[in-house]
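Following: one structure in structure tokens, then a few remarks.
The values are calculated or read from the model by the stated rules, or taken from the named source; none is laboratory data. This one's a predicted model, so the numbers in the text were calculated from it and none came from an experiment. Every residue, glycine as well, gets a Cβ built from its backbone with ideal geometry; the counts of neighbours run over all protein chains shown.
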Amino acid sequence: VNTNLGSVSVLGTQFNVQVRDAYFEVFCYEGLVSVNYNNETIKLPAGTSFKVLNSNTEFSNSITGTNPSWLKNNSSFASVPYSYIIKELERQYNIEVTYDKALKNTLFTGTFTHSNLETALKAICIPLNLNYTILTKNKVSITMQ
């Protein structure tokens, strides 16, 4: 799999690759994955992940689950800036979200469903003590309490 930020080679495995703007993340659920980023090759065994966010890299030995969350109609994040969460929510629901830009770099860890907007909004707002208002069919406002 080739992306604009890096490439991933399959070495008999189950894995997931996510690329959005300056966000690149690879999860290895089974087997071994080889990731090439900035002319460096990283081998990811099962249960590990590699993340690039705004050119900062992070390797994790503790992924949960045995397959990608999108297979269960969810989006899951671990320490990802809120602006990326909002972009993914907008993409999944084909909506426009306005929110306080002070939240832009707030790190979020959690999951939201792709099947119910109200449930998804609760999932991304309640942990951060935020309020949401569904303004129209495709417009949502998120505000700080």
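Does region 68-81 include one or more residues that are β-branched (Val, Ile, Thr), under 14 Å from the mean Cα position of the chain (by Cα) and under 30 Å from Tyr132 (Cα atoms)?
yes
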Long-range neighbours under 6 Å by Cβ, at least six apart or interchain, first residue over 15 Å from Ser83 (Cβ atoms) within region 124-145, second assigned to a helix (DSSP H, G or I): Tyr132/Leu121; Tyr132/Cys125
Considering region 6-29, residues that are part of a strand (DSSP E or B) and among the charged types (D, E, K, R), and then whichever is modelled with the lowest pLDDT, we arrive at Arg20
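Can you spot a residue in region 100-107 that is acidic (Asp, Glu) and surrounded by 13 or more Cβ atoms within 10 Å (Cβ to Cβ)?
Here is the first cut: in region 100-107, the ones acidic (Asp, Glu) are 100.
Filter once more, so that each one left must be surrounded by 13 or more Cβ atoms within 10 Å (Cβ to Cβ): 100.
Checked region 100-107: at least one residue is acidic (Asp, Glu) and surrounded by 13 or more Cβ atoms within 10 Å (Cβ to Cβ).
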Given (1) of a type in the set (Val, Ile, Thr); (2) within 30 Å of Gln145 (Cβ to Cβ); (3) assigned to a loop (DSSP other than H, G, I, E, B), number of the condition Ile86 does not satisfy: (3)
With respect to Tyr132, is the statement that it is surrounded by 13 or more Cβ atoms within 10 Å (Cβ to Cβ) and part of a strand (DSSP E or B) true? yes
Given Ile124, Ile63, which one is under 18 Å from Val26 (Cβ atoms), touching a Gly at 6+ places or on another chain (Cβ under 8 Å) and aliphatic (A, V, I, L, M)? Ile63
What residue, among those in region 108-119 that are assigned to a helix (DSSP H, G or I) and surrounded by fewer than 18 Cβ atoms within 10 Å (Cβ to Cβ), is nearest to the chain's Cα centre (by Cα)? Thr119
